[in-house]
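Note sheet for the following structure.
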Ligand code: MCA
Ligand code: AMP
């Protein structure tokens, strides 16, 4: 069924008197305050909160299929960021399910991993992803539901308590495969409200969302903060510097949040424009209320250049999939370049030594966090969950920082095997495991190499079984197994990897070899 046809059906229901908001999820109940405001702009269309309620109810009723409650069944979905995405997210929640958003850029093996690991009950997909998913259609453990088959319908929906599981997002670590981070509705609400209050979100805000929608940054900081506030979230499903500036120049957007790589790319594009266009963009940006950077360290050079272009000192904040945001520079007050700021409301921070003992200001140690924003568990990984908390309940982030001059400053991570590239967290070990499965590769070492644009790019040192390898063939082989952001960008070939006396690969030595 065509989307517009579907939409017409929604409007029919919309004109009926009973629209259900029978949930206990505050984010959704909140909409009664601003039903007629625009919630989402995508694909050249605007959708009100009322539209979102009606459309998500259809999804919920379809998924329930006669049951009273999905009882935390895991529902995965693969659709392009936009109204459909939000309709599914809310529909799954309203039916009592747990959302598992899939990454639109992942190759099939990565998607299959998530489906198997979460034991998804159903996968909802839009037409654009049908051919990608089709090899899985014969698996009868999941129900595959074409998005286009969801018809407009109303029905009874369960009450869903805030303590229930709501979302699973995947994050890479230093051991094993990516882990499913499970957050409850309560966790999500705390993650939202600490930001909406600190950054003074308002109903007349309008934010542009260019981020991938399987990670916290795009989901919580951009989409859900906007929806909590009665504001508008406009989607641009694929980042493109020209398209971003074109949308900005319509003068509707007044908020923007992105990773440092995106600001780097916007600056590079702006630099190439003729002077009159530069001026016009700069004038538009000056009227913004707030611009935020996060997910990776913001280079001071990017902060300074962006300030000359936009007049804004980017607000840098710090967070993690397991906790949402924890530390932020102030909305009002001094934003210190190179610093991530202070603890957000309801979040308690300490810097601890290797024995998990708090240490005094001015000395570097691990950031440890407590608060109602912290996730519930890694899905079906009780040992990993336990290991990531201290005995007295502090969440161990693995990030090393120092508190000085009233602010936290990040110094690095406690593992060289975690790479941050373009704002994505990437495990060197996962890439090594795939490389080692190639018949011509005997051994390998993967590291992050500092890069102005990407933060880090991935470097791979290969020890071959044979004399040579066709690098172009290898890249094609890898593309079938890894998303683009996880592909090595630099290769070196060695006889052996640098090792210490114990035989362990010394990754810091390896980094220097690139
Ligand atoms: C893509 N390319 C890369 C990388 N990614 N090259 C080096 N390193 C990379 N990481 C290359 C592609 O191969 C391609 O090259 C060209 O760049 C364009 O690829 P494309 O996929 O189109 O890239 P893009 O769309 O321009 O992506 C750049 C991006 C994207 C928009 C910055 O990386 C992105 O959306 N990052 C945000 C990730 C994010 O949201 N993280 C938050 C995690 P060629 O044409 O030669 O093939 S949540 C989190 O971290 C916590 C909670 C927090 O604090 O927020
Ligand atoms: P993720 O696992 O994708 O949620 O990434 C979380 C990680 O991103 C954190 O543990 C940090 O290492 C990094 N990160 C997030 N924000 C910042 C920031 N402002 N500066 C430096 N690193 C950051």
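The values are calculated or read from the model by the stated rules, or taken from the named source; none is laboratory data. The shown structure was predicted, so the numbers you read here are calculated from the model rather than taken from an experiment. Quick reminder, even Gly has a Cβ in these numbers, built from the backbone with ideal geometry, and neighbours come from all protein chains shown.
With the checklist (1) under 20 Å from the mean Cα position of the chain (by Cα); (2) at pLDDT 95 or above in hand, flag the one item residue 158 doesn't pass.
(1)
Would you mind telling me which numbered condition in (1) within 16 Å of ligand 2 (Cβ to nearest atom); (2) closer than 28 Å to residue 193 by Cβ; (3) touching a helix residue (DSSP H, G or I) at 6+ places or on another chain (Cβ under 9 Å) residue 302 fails?
The number of the failed condition is (2).
Return the residues of the range 226-259 that are within 16 Å of ligand 2 (Cβ to nearest atom) and in contact with a helix residue (DSSP H, G or I) (Cβ under 6 Å, 6 or more places away or on another chain); say none if nothing qualifies.
Answer for the range 226-259, where residues must be within 16 Å of ligand 2 (Cβ to nearest atom) and in contact with a helix residue (DSSP H, G or I) (Cβ under 6 Å, 6 or more places away or on another chain): just 257.
Yes or no: residue 211 crowded, with 21+ Cβ neighbours inside 10 Å and either away from ligand 1 (no atom under 14 Å from the Cβ) or over 18 Å from residue 102 (Cα atoms) (or both)?
In short, no.
Testing residue 416 on (1) away from ligand 2 (no atom under 11 Å from the Cβ); (2) out of contact with any helix residue (DSSP H, G or I) (no Cβ under 6 Å at 6 or more places or on another chain); (3) under 18 Å from residue 297 (Cβ atoms), one condition comes back false. Which one is that?
Condition (2) is where residue 416 drops out.
Take the residues in the range 318-336 that are near ligand 1 (Cβ under 10 Å from one of its atoms) and part of a loop (DSSP other than H, G, I, E, B), then tell me which one is farthest from residue 372 (Cα to Cα).
The extreme case among them is 321.
Run residue 487 past the list (1) within 16 Å of ligand 1 (Cβ to nearest atom); (2) touching a helix residue (DSSP H, G or I) at 6+ places or on another chain (Cβ under 8 Å); (3) more than 30 Å from residue 317 (Cβ to Cβ) and report the number of the one that doesn't hold.
(3)
With respect to residue 32, determine if the residue is surrounded by fewer than 21 Cβ atoms within 10 Å (Cβ to Cβ) and modelled with pLDDT of 95 or more.
Here the answer is no, as residue 32 does not meet what is asked.
Each row is one residue, and each column tells you yes or no for (1) surrounded by fewer than 20 Cβ atoms within 10 Å (Cβ to Cβ); (2) more than 23 Å from the chain's Cα centre (by Cα).
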{"position": "393", "(1), (2)": "yes, yes"}
{"position": "408", "(1), (2)": "no, no"}
{"position": "421", "(1), (2)": "no, no"}
{"position": "427", "(1), (2)": "no, no"}
{"position": "437", "(1), (2)": "yes, yes"}
{"position": "441", "(1), (2)": "yes, yes"}
{"position": "445", "(1), (2)": "no, yes"}
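Could you list, ordered by first residue, the pairs with Cβ atoms under 6 Å in which the first is in the range 474-498 and under 14 Å from residue 432 (Cα atoms) and without any contact (Cβ under 8 Å) to a residue 60 or more places away in the chain and the second is assigned to a helix (DSSP H, G or I) and within 14 Å of ligand 1 (Cβ to nearest atom), at least 6 apart or interchain?
That search, which allows pairs on different chains as well, returns 487/478.
Given the criteria out of contact with any strand residue (DSSP E or B) (no Cβ under 9 Å at 6 or more places or on another chain) and in contact (Cβ under 8 Å) with a residue 40 or more places away in the chain, does residue 191 qualify?
No.
Residues of the range 464-475 being more than 25 Å from residue 261 (Cβ to Cβ), surrounded by fewer than 15 Cβ atoms within 10 Å (Cβ to Cβ) and in contact with a strand residue (DSSP E or B) (Cβ under 8 Å, 6 or more places away or on another chain), which ones?
Scanning the range 464-475 gives a single hit, 465.
Among (1) surrounded by 13 or more Cβ atoms within 10 Å (Cβ to Cβ); (2) without any contact (Cβ under 8 Å) to a residue 24 or more places away in the chain; (3) within 17 Å of residue 178 (Cβ to Cβ), where does residue 383 come up short?
(1)
Go through the range 85-134 and give me each residue that's in contact with a helix residue (DSSP H, G or I) (Cβ under 8 Å, 6 or more places away or on another chain), in a helix (DSSP H, G or I) and surrounded by fewer than 24 Cβ atoms within 10 Å (Cβ to Cβ).
Answer for the range 85-134, where residues must be in contact with a helix residue (DSSP H, G or I) (Cβ under 8 Å, 6 or more places away or on another chain), in a helix (DSSP H, G or I) and surrounded by fewer than 24 Cβ atoms within 10 Å (Cβ to Cβ): 108, 111, 112, 115, 127, 132, 133.
Would you mind stating whether residue 442 is within 24 Å of residue 424 (Cβ to Cβ) and either out of contact with any helix residue (DSSP H, G or I) (no Cβ under 7 Å at 6 or more places or on another chain) or away from ligand 1 (no atom under 15 Å from the Cβ) (or both)?
Judged against the criteria, residue 442 is not a match.
When the residues of the range 138-160 are filtered to those that are under 23 Å from residue 182 (Cα atoms) and touching a strand residue (DSSP E or B) at 6+ places or on another chain (Cβ under 9 Å), which remaining residue is surrounded by the fewest Cβ atoms within 10 Å (Cβ to Cβ)?
Across the range 138-160, the extreme among qualifying residues is 143.
Name the single residue, out of those in the range 279-296 being touching a helix residue (DSSP H, G or I) at 6+ places or on another chain (Cβ under 7 Å) and within 16 Å of ligand 2 (Cβ to nearest atom), that is nearest to residue 250 (Cα to Cα).
Filtering the range 279-296 for residues that are touching a helix residue (DSSP H, G or I) at 6+ places or on another chain (Cβ under 7 Å) and within 16 Å of ligand 2 (Cβ to nearest atom), the one nearest to residue 250 (Cα to Cα) comes out as 291.
What is the one condition in (1) exposed (fewer than 15 other Cβ atoms within 10 Å of the Cβ); (2) touching a residue at least 60 places away in the same chain (Cβ under 8 Å) that residue 450 does not satisfy?
Answer for residue 450: the failing condition is (2).
Which residues, counting only those in the range 384-436, are within 16 Å of ligand 1 (Cβ to nearest atom), part of a loop (DSSP other than H, G, I, E, B) and within 18 Å of residue 174 (Cβ to Cβ)?
388, 415
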